[in-house]
Amino acid sequence: MASGKHGESMTSVVLGVSAGIAVYKSCELLRLFTESGHDVRVVPTRDALRFVGEPTWAALSGNPVTTEVWQSVHEVPHVRIGKAADLVVVAPATADVLARAAHGIADDLLTNTLLTARCPVVFAPAMHTEMWEHPATRANVATLRERGAIVIEPAVGRLTGADSGPGRLPDPAEIFEVCRRVLTGRREDLAGRHVVVSAGGTREAIDPVRFIGNRSSGLQGYALARTAVARGAEVTLVAANVTLPDPAGAKIVRVESARQMRDAVLAAAEHADAVVMAAAVADFRPVRQSDTKIKKSSAEPDPIHLVKNPDILAELGEIRRARREAYAHDAERPGGPYPRVIVGFAAETDDVLANGRAKLERKGCDLLVVNQVGEHLAFGTPDNAAVVLTAEGGSVEIPRGPKEDLADVVWDLVAQRLA
Ligand code: CTP
């Protein structure tokens, strides 16, 4: 840590940038670091400067910018910069930089810095899908992870040119959030675990342009996914109609309706240690969905008749109960092959605790996060307050605060149950 203007401790961050078109997004990442009081030293590779030049990095960071070990030799930058860092983040990390880092090659200032750093290292890869999926890159990523580096999964989406697939640099705010968590204390208590999180609100079609929906924004589910990634979990995020930036590192499955969500959640649950149902799932859907737009000119509008949707949370609980019975005498897997922890959310407007307790029992989950909803409460706001009820009859109160804090309490309870 360095000493700041007012004597407070400042965190030293090295932002390594390698030569990918996504370099422009790293300017925003740099701004997020500097605005939150971090001292950032940018170390670009030679070719990265073809995309964004040295003056931009120097002006935005307020620090000199060097790419070669031969510059400012008297300061021994190849050793000093790495040793002084509290965090090194490489964004974007190209296939080439991942390969050089995995093999310990030190042929420029960035790779020298990676070898001398003793702090946490985060790589945010960005490249074409074929390069990301190539066995050479897979092996390099595995090596780096084995050595303790955090390699964020690239986002899926439009890449340079016409192609799309995994390989996009995640949103700078998402990379920043991973780094912030690494800097504020790294808990890897979900490492090696696979968790499934559902988020958002389902839409039930009336006709091709209209639907029955709800007010869920997906913020709480996304916070759960983001925090689980930061705690080392492999995360499958089943997202219904969410427009937020993808949480870095989570595998995202997009769905629209309750029935699509059911299929996606049950499929992912087969390989999961825990499932958290934070989505607002529509309880009903129209019996009939018109293939064509219902016109205003229809003489008398038909009433919309509704039918019940599957209750995904209750079904998860029921499948687990049945498997536990079937596998009761299996010495190797007495619990059967199913998530050991199932977490539900309950939105209640009145009689919050009594309704919550009844819901937990009815749905057969281990934990139920109960929050009071209504105008200005929970939906679409960055804050949330809740009570977590446990299957054993206990309760944990979570005071109003950021949805990330609530998510962390949920993962604390999940991690305890998995331990
Ligand atoms: N849920 C689900 N499938 C449904 C409805 C809800 O999996 N068809 C899940 C939600 O994701 C949440 C929990 O069940 O984790 C509770 O949702 P809530 O809407 O509060 O409960 P309901 O079952 O709809 O009960 P009620 O309408 O009586 O409050």
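Observations
- Picking from residues in region 219-274 that are touching a strand residue (DSSP E or B) at 6+ places or on another chain (Cβ under 6 Å) and among the charged types (D, E, K, R), the one that is farthest from G344 (Cα to Cα) is D246.
- Region 307-330 - residue that is of a type in the set (D, E, K, R) and within 16 Å of the ligand (Cβ to nearest atom) and, of those, least open to solvent (accessible area, probe 1.4 Å): R320
- Failed item in (1) within 9 Å of the ligand (Cβ to nearest atom); (2) in contact with a helix residue (DSSP H, G or I) (Cβ under 9 Å, 6 or more places away or on another chain); (3) part of a helix (DSSP H, G or I), with A346 passing the rest: (3)
- Top-ranked residue of region 354-374 - restricted to ones that are of a type outside the set (A, V, I, L, M, F, W, C) and within 9 Å of the ligand (Cβ to nearest atom), ranked as most open to solvent (accessible area, probe 1.4 Å): R362
- Any hit, region 33-41, residues being modelled with pLDDT under 95 and either under 24 Å from L159 (Cα atoms) or outside the structural domain of P166 (by TED's automatic domain parsing) (or both): no
- Only one entry of A205, A267, A225 meets the criterion of being of a type outside the set (D, E) and free of Cβ contacts under 8 Å to residues at least 24 places away in the same chain, and that entry is A267.
- Among the residues of region 184-200, those that are surrounded by 19 or more Cβ atoms within 10 Å (Cβ to Cβ) and either within 16 Å of the ligand (Cβ to nearest atom) or hydrophobic (A, V, I, L, M, F, W, C) (or both) comprise L190, V195, V196, V197, S198, A199, G200.
- Residues of region 307-343 classified as at pLDDT 95 or above, over 27 Å from the mean Cα position of the chain (by Cα) and part of a loop (DSSP other than H, G, I, E, B), total: 1
- Residue check for G401: within 26 Å of N241 (Cα to Cα) and either surrounded by fewer than 18 Cβ atoms within 10 Å (Cβ to Cβ) or assigned by TED's automatic domain parsing to the domain that holds V178 (or both): yes
- For L266, the stated conditions hold: it is assigned by TED's automatic domain parsing to the domain that holds A282, more than 10 Å from the chain's Cα centre (by Cα) and of a type in the set (A, V, I, L, M).
- Test: S164 is among the polar types (S, T, N, Q), modelled with pLDDT under 95, open to solvent by 20 Å² or more (accessible area, probe 1.4 Å) and outside the structural domain of E318 (by TED's automatic domain parsing): yes
- Hits in region 198-218 - residues which are in a loop (DSSP other than H, G, I, E, B) and more than 17 Å from G344 (Cβ to Cβ): R203, I206, D207, P208, V209, R210, G213, R215, S217
Yes/no matrix, rows are residues, columns are (1) of a type outside the set (V, I, T); (2) free of Cβ contacts under 8 Å to residues at least 24 places away in the same chain:
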site	(1), (2)
T111	no, yes
E130	yes, yes
R138	yes, yes
V141	no, no
A155	yes, no
T160	no, no
D163	yes, no
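- T66 being part of a loop (DSSP other than H, G, I, E, B) and surrounded by 14 or more Cβ atoms within 10 Å (Cβ to Cβ): yes
- Among the residues making up region 86-108, a single one is open to solvent by less than 20 Å² (accessible area, probe 1.4 Å) and at pLDDT below 95: D108.
- Number of the exception - R181 against (1) open to solvent by less than 50 Å² (accessible area, probe 1.4 Å); (2) assigned to a loop (DSSP other than H, G, I, E, B): (2)
- Among (1) in contact with a helix residue (DSSP H, G or I) (Cβ under 6 Å, 6 or more places away or on another chain); (2) touching a residue at least 60 places away in the same chain (Cβ under 8 Å); (3) over 15 Å from V265 (Cα atoms) - the single one V195 does not satisfy: (3)
The values are calculated or read from the model by the stated rules, or taken from the named source; none is laboratory data. This one's a predicted model, so the numbers in the text were calculated from it and none came from an experiment. Cβ coordinates were reconstructed from backbone atoms using ideal geometry, including for glycine residues, and neighbour counts include every protein chain displayed. To get the accessible areas, we keep the full protein, side chains included, count just its heavy atoms, and leave off ligands, DNA and RNA. Shrake-Rupley method; radii C 1.70, N 1.55, O 1.52, S 1.80 Å.
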